[in-house]
Every structure is written in C-alpha cells, then in structure tokens.
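Heads up, the thing below is written out as structure tokens.
The values are calculated or read from the model by the stated rules, or taken from the named source; none is laboratory data. All of these numbers come straight from a predicted model, not from anything done at the bench. Here Cβ is always computed from backbone atoms with ideal geometry, including for glycine, and neighbour counts include all displayed protein chains. For accessibility, only protein heavy atoms count, side chains too; no ligands or nucleic acids. Shrake-Rupley method; radii C 1.70, N 1.55, O 1.52, S 1.80 Å.
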Amino acid sequence: MPADRPTGGLDLAALLAHRAVERYELHAKYLNPQLPRMLHTIGFDKYYERAEGPYFYDADGNEYLDMLAGFGIFALGRHHPVVRAAVQQVMDLGLPDLTRFDCSPLPGLLAERLLAEAPGLDRVFFGNSGTEAVETALKFARCATGRRRILYCDHAFHGLTAGSLSVNGESGFRKGFEPLLPDTAVPLGDLGALEKELKKGDVAALIVEPIQGKGVHAAPPGWLYAAQELLHAHKALLICDEVQTGIGRTGDFFAYQHEEGVRPDLVCAAKALSGGYVPIGATLGKDWIFDKVYSSMDRVLVHSASFGSNAQAMAAGLATLHVMRDAQVVANARKVGDLFRGRLAELVDRYELLADVRGRGLMIGIEFGRPKSLKLRTGWTALQAARKGLFAQMVVVPLLQRHRILTQVSGDHLEVIKLIPPLIITEKEVDRFVDAFTEVMDEAHRGSGLMWDFGRTLVKQAVGGR
C-alpha cells in the first residue's frame, strides 16, 4: 500500500493473512450457517486467494475458469483496470458526496450515457441492487397507472425483498414469507392468459425477464411485442427486468432489443453496471411515469435511496460503459456466444443424457434429460426419485474438482446448467470448457466412475433429509 494512504492502524492484508484460513468457520458461526454446510457437501469449499479477468487462483497458484461471473456481476471480469482506476480516482478527488442538497454531475452523466443505449426511455432512478431496481419499477407502475396488481411469469426471478418476492415465480423462495402483495402469475408466452387478467381492469404492469434466469428460457419470438401491445391497449405497462440479461449479456445492450418494436415503459438494470466494484441498481423509465411519481416539490423525496447515486457507484458505472463501448464487449458477447452455443449444440446428438442447448449471447442453458439406454436410465431414475436436479449437480462438481471450472445449476429441481461467464472470454475459454464438459459427459455415459459415486452420495443425503 502506498505510504501516502494511511490505514489508521488497520492492515487488511495482515488481517487476511492471519484469519483467512477461518473463512468457513466464521461464516458458520456468524452468517448463514447453511452456506458453508452446502459448500462442504458438494465439494465447493475452495480457498480462493485472488482473481483476475475470467479466472480465480488458489493458494497453490491453480487457475480456475469462472463461468458464473458472480451471477452476472463480473461482465468485464474481475478487477478490470479501467474500472478500478475510475473508482480509485473518484475516491482520491474527495468529492462532497451525498450531501442531499445539491445535484452532483456524476449521476446525470451516467444517466445520459445509459439512456443513450435505450431509445424511448427518458429518465433513471439509481439505487443499490437489482431487487431495489425492481421495487422501484413496481412502485412507479402502481403510481403511474393508479392500479395495484402486477402480473409476472411462472418461474420468474426478480429478487428477494418483499415487493420483488411478490413477483417471484419460484415457490421455494416465497415459502415462509407470506402474505405477499396480491400479484398474479401467467405462463411465459401465453397471450390468452395475459389478456384474461388484463380484462379485469386492475393490472398496473407485467414484469418479465426477456430470458428467464431460471432454466434459461427465452420468451417465444413475437410474444414480447404482442404482450406490449396488449398491455398498452389495456392502459397497463411493460416492465423488462434486465438485471441479469442487460448490459450486453445476450449480445445486445438489453435483451428486449432482440425483438423489433419492443419499447418497455420501465427497465431494470444492475449487476454488470457495477463493473464488479460498487453495488448499483438502475430503473429506466419514460418521462410521463417519472412525472406521475415526482408530481410536485412536496413529493421530491417520495422515492429515494440512502446510498443511491453515490460517487463510487456512478464512477464504476461510467467506467463500465466506457469499456463496453471502447472494447466492443457487446459484440464479443454475441460472437463468442454464438460460437459457444454452436460447439455445445453439436454434442446433443452425441450424448443421450444431453437434451438441449439454448440461450442468447453469453447466457447459455445446458439441459439434461432421460436417457434411452437401460443402463443409463437406471441411474437417472434413481437420481430423479431422490431429488430432481442431482444429475446436473453431478456434472457441475467434476467440472470444478477435476477441471477447475466454476459453473452453477440453473435452479432448484432443474436439470439445467447455466453458463453466464464474463463477456470478455475468448475462443480459448470456450475450448477449455467444451473439452472439459466432453470428458465429464464421456464418463457419465460410461455409467461408472467418480461422477456416479458422487451421485449415489447425494441420493443418500437427499433420502436422509440432510
């Protein structure tokens, strides 16, 4: 650390050197005790020491390929030098941040830059997370329309705070937290179900992920535009949740831009906009909606966030968008994503356990399904009887343990692996993943080895309720 930056007696490097070995014990004692328990069970209890770009490194210097990107946060990889320099620079400037009674230039500059990527949207509210961006959209939609009910899609994920949880399509997240807001689910792609709810006259908006994170399911071609027209005919709004799909993930800046004519009324963004450094959420919307919310000086603070628009977050956002444009990151996501999906799709006919490869850009779902051969079907059936989703976990584990590639199962009780790597990956990383995945699938189709031993262990734990 430079000598001109005093620590006040706190040496973080020394503290980590002394206590980092206790990381799992500290979490078990003071934080969520199930997290270290889960990581120990599936063999993910690694000791990562540092990270750079699309890679982690452990204490022995082993390199791990990150195909998770912190659930989509690290679109530019870890510790991007331009973003890091911008955050450091804004800290060194000593700005009078969050005075509450001035108008800092940084939020305006970031809003201007962000809105340039979203024609038809006029204003931005900056918060601190994706779920906060969703909460903002829900409140603004209710205020602007004078209605209270929000429609959402089955299997949706929009966050875990009370409002966003009300439009969460996964019952496992909702259990234990009811009653929630009186919102209603409709099937993704079902215009008839949408119209039926709209005819009741009390719907403020439909909130939808253009590509659902759970299972990596895209809205059917043409549905998003048709839904928009139906909503507007009934004086309701379209909210696109782009917290994970936005900021280049799918090969366009926002995923809704894949479909001609779609112009959402509100758009939620977060994750990648942070550059991986400072939490940020953004709700983009039309001018008339903001005018309804902030209708007079009496309502100037009717919706606000204590840390929203802070200088560090704004600097990180500006730097992220600068890199996105300067390095043509969105185009890379499209090009490498097409290559990646193509390479994986070629394996579907080769492996009977592999059912589908889908997605857009660098948001890819790999789905497994029931095999035809008796030998494989016996093992598959045993896993399914214990707990759906165990086979996908059996693939994820050897990818990490033997090939040092971090991935995730796309959702509870799903036989889908989701790949959301940093958008800066190249053909080199694609080759590494495809080679490793092929080796794991070869072993699975031999019907023996460490994979199925691990599967049997998981079955025992599932049956035992542990």
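In the stretch 367-389, the residues that are surrounded by fewer than 18 Cβ atoms within 10 Å (Cβ to Cβ) reach residues that are part of a strand (DSSP E or B) with C-beta atoms within less than 8 angstrom, at least six apart or across chains, in these pairs: Gly369/Leu354; Gly369/Ala355; Gly369/Asp356.
The residues in the stretch 102-147 that are charged (D, E, K, R) and under 28 Å from Asp202 (Cβ atoms) can be counted, and the count is 7. Annotation: Lys199 fulfils all but one of (1) modelled with pLDDT of 95 or more; (2) surrounded by fewer than 15 Cβ atoms within 10 Å (Cβ to Cβ); (3) in contact with a helix residue (DSSP H, G or I) (Cβ under 8 Å, 6 or more places away or on another chain); the unmet one is (3). A Cβ distance below 8 Å, combined with a sequence gap of six or more or placement on separate chains, defines the contacts here; from the stretch 68-88, residues that are over 25 Å from Val409 (Cβ atoms) and open to solvent by 60 Å² or more (accessible area, probe 1.4 Å) reach residues that are outside any helix (DSSP H, G or I) and aliphatic (A, V, I, L, M) in the pairs His79/Ala51. Scanning the stretch 251-280 for residues that are open to solvent by less than 10 Å² (accessible area, probe 1.4 Å) and either of a type in the set (Lys, Arg) or under 24 Å from Val293 (Cβ atoms) (or both) gives Phe254, Tyr256, Val262, Pro264, Asp265, Leu266, Val267, Cys268, Ala269, Ala270, Leu273, Ile280.
At least 1 residues being out of contact with any Leu (no Cβ under 9 Å at 6 or more places or on another chain) is the threshold, and among the strands (runs of 3 or more DSSP E) wholly inside the stretch 196-311 those reaching it are 237-241.
Of all residues in the stretch 148-168, those being open to solvent by 50 Å² or more (accessible area, probe 1.4 Å) and of a type outside the set (S, T, N, Q) number 6. Being in contact (Cβ under 8 Å) with a residue 40 or more places away in the chain and polar (S, T, N, Q) is a property that Gln312 has. Being closer than 26 Å to Gly276 by Cα, of a type in the set (Gly, Ala, Ser), touching a residue at least 40 places away in the same chain (Cβ under 8 Å) and open to solvent by less than 10 Å² (accessible area, probe 1.4 Å) is a description that does not apply to Ala141. Filtered by the rule that a residue be among the aromatic types (Phe, Trp, Tyr) and within 13 Å of Val330 (Cα to Cα), the stretch 243-268 gives Phe253, Phe254.
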